Amino acid sequence: MTATLTQYEEVTARYEPVIGLETHVELGTASKMFCGCPATFGAEPNTQVCPVCLGLPGSLPVINATAVEYTVLIGLALNCRIADWCRFARKNYFYPDMPKNFQISQYDEPLCVDGWLDVEVDGSTVHIGIERVHLEEDTGKTTHIGGATGRIHGATYSLVDYNRAGIPLVEIVTKPVPGTGPLAPVVARAYVTELRDLLRSLGVSDVRMEQGSLRCDVNVSLSPLGATEWGTRTETKNVNSLRSVERAVRYEMQRQAAVLDGGDRVVQETRHFHEDTGVTTSGRSKEEATDYRYFPEPDLVPLAPDPDWVESVRARVPELPSTRRRRLAEELGASEFELQSMANAGVVDLVAATAAAGAPPAEARNWWLGYLTQKANEAGVEPAELAIGPEQVARVVALVAAGELSTGLARQAVDGVLHTGDDVDAVVAAAGLRRVSDVDALAAAVDRAIDAQPEVAEKIRRGKVAAAGALVGAVMRATRGQADATVVRRLILDRLGVTE
Amino acid sequence: MADELTRRTAAELAALVAAGEVSAVQVARAHLDRIAAVDDRVHAFLHVDRDGALAAAAAVDARRAAGEPPASPLAGVPLALKDVIVTQAVPTTCGSKILQGWLPPYDATVTARLKAAGVMILGKTNMDEFAMGSSTENSAYGPSHNPWDLSRVPGGSSGGSSAAVAAFQAPLGIGTDTGGSIRQPAAVCGLVGHKPTYGGVSRYGLVAFSSSLDQAGPLGRTVLDAALLHQVIGGHDPADSTSIDAPVPALAEAARAGARGDLAGLRVGVVRELGGEGYQPGVEAAAREAVATLEKLGAAAHEVSCPSFRYALPAYYLIAPSECSSNLARFDAVRYGLRVGDDGVRVLEEVMALTRDAGFGPEVKRRIILGTYALSAGYYEAYYGQAQKVRTLISRDFAAAWRSADVLVSPATPTVAFGLGERVDDPMAMYAADLCTLPASLAGVPAISVPCGLSDGLPVGLQVMAPALADDRCYRVAAALEATAGHPLIDEVPPL
């Protein structure tokens, strides 16, 4: 099954990739695309269904106006032209997760066309053209039981959940993106990341790749450097994480290069990405030959968005992530790179809010990018889902700045908040975490440490200041870490009559 | 008494029930008894819902007993419902084996409106499978028989409803018309049948054959009855995006006005292309006589030419099969209806294929294959695309005709009822039964068939077409013609 791969450096030394991305986004509307069923995720199978989304004989679709509005909002945010007249079309094919054995989609008359999205990669801007943004209905979800692959072939039986059938789905298709060279995989990932952030900022979807509300197909072709014609492309489906987007493009580049190196032709086909192994495998060649027999959906009337209404939607396009990043870069005094790191970690809003709550931007950034991202990773959640929020982080920063918490104590305080969900002050009080900076209280501990290790004290007196660390450690242990190590060190040296 | 009740018009029955002279239950029983007595010969019904009809009748009576006004002008009137209209918990087969045993979990909008109006649904009537045909011979459950001559077809696809109404099993029937399936059976059974303006009656719950053409409409023995029924089922429905958001014209009023027999100032266009070769002389003669009658009532008739009408048949047989090939894809054995070959070994595609092979009849298969081909990449423009252009041309012919005519008329069918078995092996001959009715279907304009005499003892219908949303004109002209005859033609039907 595993294909021969060419070393990545060799690929990019000889070939130029062209990439293209098709992204499917489930819209976060209250109801489905063509009926009134709830569009929420995670309900018991086949409980959010009705005659329409089950495609029962006689049932008819009615367009969800909010889904159209969300699509126009996405189109406008992607700098598209909004069609003044368009239609839905039927895409005909048989599959058990399709209640009607056709999908209501859009074909040659999409709602939004010809836009663009700029993405930042390594400090430079890549301009990604958007071919179209169209609206369609999602299919049901099949689970194939038995068989080794989890695919329908070889399965003993299949379970179908139609809760997802009819959920509004927006497809965003890029124009082919040439000229990115070795950066192609990174550009692909950066585009999907940027798109995800943009969709999130529009509030039109929860864009969770792990729940399938954002799904990606990647198109890749290679041509020899300097060639005037592009190569044959493959379409890799089932690419369901940001990391996978990058891996899938990279893998396809390496695989196609090996094919071309061997003097063979790349087959135009659908391929499947395997999350576990990182490889792509050929889909059934039959799929490529499918004739969907598109024709205008006769059960729906054409959609003709009123220009005034489109303008009113345009006025509601919020500040987009790229604009916001530039503004925040200024406000937070962060570099583009630092902002990119924050964006990748999903903490831009958290840092901004923490800064707004009074923390110095650099401190806010350090907390969220460092310790808190680590905690989120450990817990397997997004930083925004942690039990600690910007207000609490700002309070921790303030306590540190006031000298009441050391860095170590501050982390313990954060841990306490994460554990208990209480606020910082309550955690500090309950656990007795206040830093001991009272010199009188510390003096006794210092004396005890000197008395306990006279030979170390003697070394210090003789000028070997570095040995003070052992005594500082003893004091810190004795005060259960609540002492300020700097103060302790100064007290020890004072006591022994030594200066640094 | 019971026999007398079944001879009454819907309007008369509603009045009797409203006045308390008979109960709705008595009316329902009389018709159920009639069905029990004659349907073994007529075979109009696929399913008789005795309990449902009597329960609906009891509700009408209870409402009257409580002193409430009738739910509608048709409260307490029984009706025969074509089996392509979905009825909750009552079998709906569309005349097909593939839906055998399916109990729909919901009511069509038409069904719901009938129930809300206090109309008693007696049962579901026979039809050509998925409404594809002109004789009911494509029903998987055997054909219906024309009450005028049991060896002849009652028309189709709504032949079960037309046979039921003509056999006095019900005063009213619901049909659906895609290319003529209300008007043609009405014509050959001596009834009034109206295809509303496309979008005039909700399609929600009408199992789709060709979505851009299908319309449900009334069948009755008089123009007024048809108008009253149309008013009950018509009007905007948010569940059907193609439903027109406009008030239903005052149709019963138009029928009553027409019955007064004054058509002064009405411009009648006689369509040149809907006549001549292939038309029986007796049919053409009856239609000519009807036009002469309209002129006597004050109308001015002249010939109009609609040259694109001659392409209606080929255009229709590309558009309707194309849409049906997609609409009927859902019958796949996965969720409901027939399942064949599911032995735990065969894969899904085989079970789907075996089920569709066993579940669909030859005409349905023919049209699915035709439509699949017409929509295929590389053929789409030449077939489906071209047919849509013809459709536009036909609409333009109508638009041009409306400049000189308020209504257009033609025979409703080229021939009177043909014999059972006569055309089953000749699809083109069968398709020709819809020659007159196809243009109005493709253009989405309203058209009525009203009895205009007999030819060789069999009924002939005159088709009256009007501009979109002017359904009232159809009823007015039809009622004027009906009034001149003195009594409804159906009174002349020989006893069974």
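The values are calculated or read from the model by the stated rules, or taken from the named source; none is laboratory data. Here the structure is a predicted model, which means the values were calculated and not measured. Because the Cβ atoms are built from the backbone with ideal geometry, glycine has one as well, and the counts that use them run over all protein chains shown.
A few notes on this one:
- Residues satisfying the stated conditions in the range B:122-152, i.e. more than 18 Å from B:PRO459 (Cα to Cα) and surrounded by fewer than 23 Cβ atoms within 10 Å (Cβ to Cβ): B:GLU137, B:ALA140, B:TYR141, B:GLY142
- Against the criterion of being surrounded by 18 or more Cβ atoms within 10 Å (Cβ to Cβ), more than 9 Å from chain A (Cβ to nearest Cβ) and not in a helix (DSSP H, G or I), B:ALA405 qualifies.
- Scanning the range B:1-50 for residues that are of a type outside the set (A, V, I, L, M, F, W, C), under 24 Å from B:VAL493 (Cα atoms) and either modelled with pLDDT under 95 or assigned to a helix (DSSP H, G or I) (or both) yields B:ASP3, B:GLU4, B:THR6, B:ARG7, B:GLU12, B:ARG29, B:HIS31, B:ASP33, B:ARG34, B:ASP39, B:ASP40, B:ARG41.
- Any hit, the range B:49-62, residues being more than 13 Å from every other protein chain (Cβ to nearest Cβ), closer than 27 Å to B:GLY155 by Cα and surrounded by fewer than 22 Cβ atoms within 10 Å (Cβ to Cβ): yes
- Number of the exception - A:ALA148 against (1) away from chain B (no Cβ under 14 Å); (2) touching a strand residue (DSSP E or B) at 6+ places or on another chain (Cβ under 6 Å); (3) surrounded by fewer than 22 Cβ atoms within 10 Å (Cβ to Cβ); (4) within 30 Å of B:ALA333 (Cα to Cα): (2)
- Selection over the range A:457-500 of residues that are more than 51 Å from the chain's Cα centre (by Cα) and in a loop (DSSP other than H, G, I, E, B) gives a count of 7.
- Scanning the range A:196-246 for residues that are among the basic types (Lys, Arg) and under 20 Å from A:ARG151 (Cα atoms) returns A:ARG215, A:LYS237.
- Within the option set A:ASP114, A:ASP118, being at positive phi and in a strand (DSSP E or B) holds for one residue only, A:ASP114.
- When the range A:26-60 is filtered for residues that are surrounded by 23 or more Cβ atoms within 10 Å (Cβ to Cβ), away from every other protein chain (no Cβ under 13 Å) and touching a helix residue (DSSP H, G or I) at 6+ places or on another chain (Cβ under 8 Å), only A:LEU27 remains.
- Residue in the range B:288-297 that is surrounded by 22 or more Cβ atoms within 10 Å (Cβ to Cβ) and either modelled with pLDDT of 95 or more or touching a Gly at 6+ places or on another chain (Cβ under 8 Å) (or both) present: yes
- If you check B:SER211, B:SER181, B:SER162 for being surrounded by fewer than 24 Cβ atoms within 10 Å (Cβ to Cβ), touching a helix residue (DSSP H, G or I) at 6+ places or on another chain (Cβ under 7 Å) and under 19 Å from B:ASP83 (Cβ atoms), only one passes: B:SER211.
- Here A:TYR162 clears all of (1) surrounded by fewer than 23 Cβ atoms within 10 Å (Cβ to Cβ); (2) within 14 Å of chain B (Cβ to nearest Cβ) except the condition numbered (1).
- Among the residues making up the range A:298-333, those that are away from every other protein chain (no Cβ under 14 Å) and not in a helix (DSSP H, G or I) are A:PRO305, A:ASP306, A:ALA315, A:ARG316, A:VAL317, A:PRO318, A:GLU319, A:LEU320, A:GLY333.
- Here B:LEU338 fulfils each of the conditions (1) part of a loop (DSSP other than H, G, I, E, B); (2) among the hydrophobic types (A, V, I, L, M, F, W, C); (3) within 12 Å of chain A (Cβ to nearest Cβ) apart from (3).
Okay, residues lined up against (1) aliphatic (A, V, I, L, M); (2) assigned to a strand (DSSP E or B); (3) under 23 Å from A:VAL18 (Cβ atoms); (4) touching a helix residue (DSSP H, G or I) at 6+ places or on another chain (Cβ under 8 Å):
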site	(1), (2), (3), (4)
A:SER221	no, yes, yes, yes
A:TRP230	no, no, yes, no
A:VAL245	yes, no, yes, yes
A:VAL249	yes, no, yes, yes
A:ARG255	no, no, yes, no
A:VAL266	yes, no, yes, yes
A:HIS272	no, yes, yes, no
A:GLU275	no, no, no, yes
A:GLY278	no, no, yes, yes
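- Look at the range B:167-181: where a residue is within 30 Å of B:GLU323 (Cα to Cα) and a partner is among the basic types (Lys, Arg) and surrounded by 24 or more Cβ atoms within 10 Å (Cβ to Cβ), sitting 6+ places away or on another chain with Cβ atoms under 8 Å, you get B:GLY173/B:LYS82; B:ILE174/B:LYS82; B:GLY175/B:LYS82; B:THR176/B:LYS82; B:ASP177/B:ARG183; B:ASP177/B:LYS195; B:GLY180/B:LYS195.
- Candidates A:PRO307, A:PRO296, A:PRO302, filtered to the one that is surrounded by 14 or more Cβ atoms within 10 Å (Cβ to Cβ), at negative phi, at pLDDT 95 or above and over 32 Å from the mean Cα position of the chain (by Cα): A:PRO296
- One residue alone among A:THR71, A:THR66 is in contact with a Leu (Cβ under 9 Å, 6 or more places away or on another chain), closer than 25 Å to A:GLY140 by Cα and surrounded by 24 or more Cβ atoms within 10 Å (Cβ to Cβ), and that residue is A:THR71.
- Spans of strands (runs of 3 or more DSSP E) in the range B:215-333 with at least 1 residues away from every other protein chain (no Cβ under 14 Å) and β-branched (Val, Ile, Thr): B:267-271, B:300-304
- Every residue from the range B:72-86 that is more than 10 Å from chain A (Cβ to nearest Cβ) and not in a loop (DSSP other than H, G, I, E, B): B:PRO78, B:LEU79, B:ALA80, B:LEU81, B:LYS82
- Selection from the range B:109-155 of residues that are closer than 21 Å to B:VAL232 by Cβ and part of a strand (DSSP E or B): B:MET120, B:ILE121, B:LEU122, B:GLY123, B:LYS124, B:THR125
- Residues that are within 18 Å of A:LYS32 (Cβ to Cβ), facing chain B (nearest Cβ under 9 Å) and assigned to a strand (DSSP E or B) within the range A:85-103 comprise A:ARG90, A:PHE102, listed in sequence order.
- The single condition among (1) loosely packed, with under 15 Cβ neighbours inside 10 Å; (2) modelled with pLDDT of 80 or more that A:GLY416 does not satisfy is (1).
- The single condition among (1) surrounded by 15 or more Cβ atoms within 10 Å (Cβ to Cβ); (2) outside any loop (DSSP other than H, G, I, E, B); (3) out of contact with any Phe, Trp or Tyr (no Cβ under 9 Å at 6 or more places or on another chain) that A:THR354 does not meet is (3).
- Any pair with Cβ under 8 angstrom, 6 or more apart, that starts in the range A:329-344 at a residue that is free of Cβ contacts under 8 Å to residues at least 60 places away in the same chain and ends at one that is assigned to a loop (DSSP other than H, G, I, E, B) and surrounded by fewer than 17 Cβ atoms within 10 Å (Cβ to Cβ): A:ALA329/A:SER335
- Only listed residue being under 22 Å from A:THR234 (Cβ atoms) and at pLDDT 95 or above, chosen from A:LEU60, A:LEU21, A:LEU54, A:LEU73: A:LEU21
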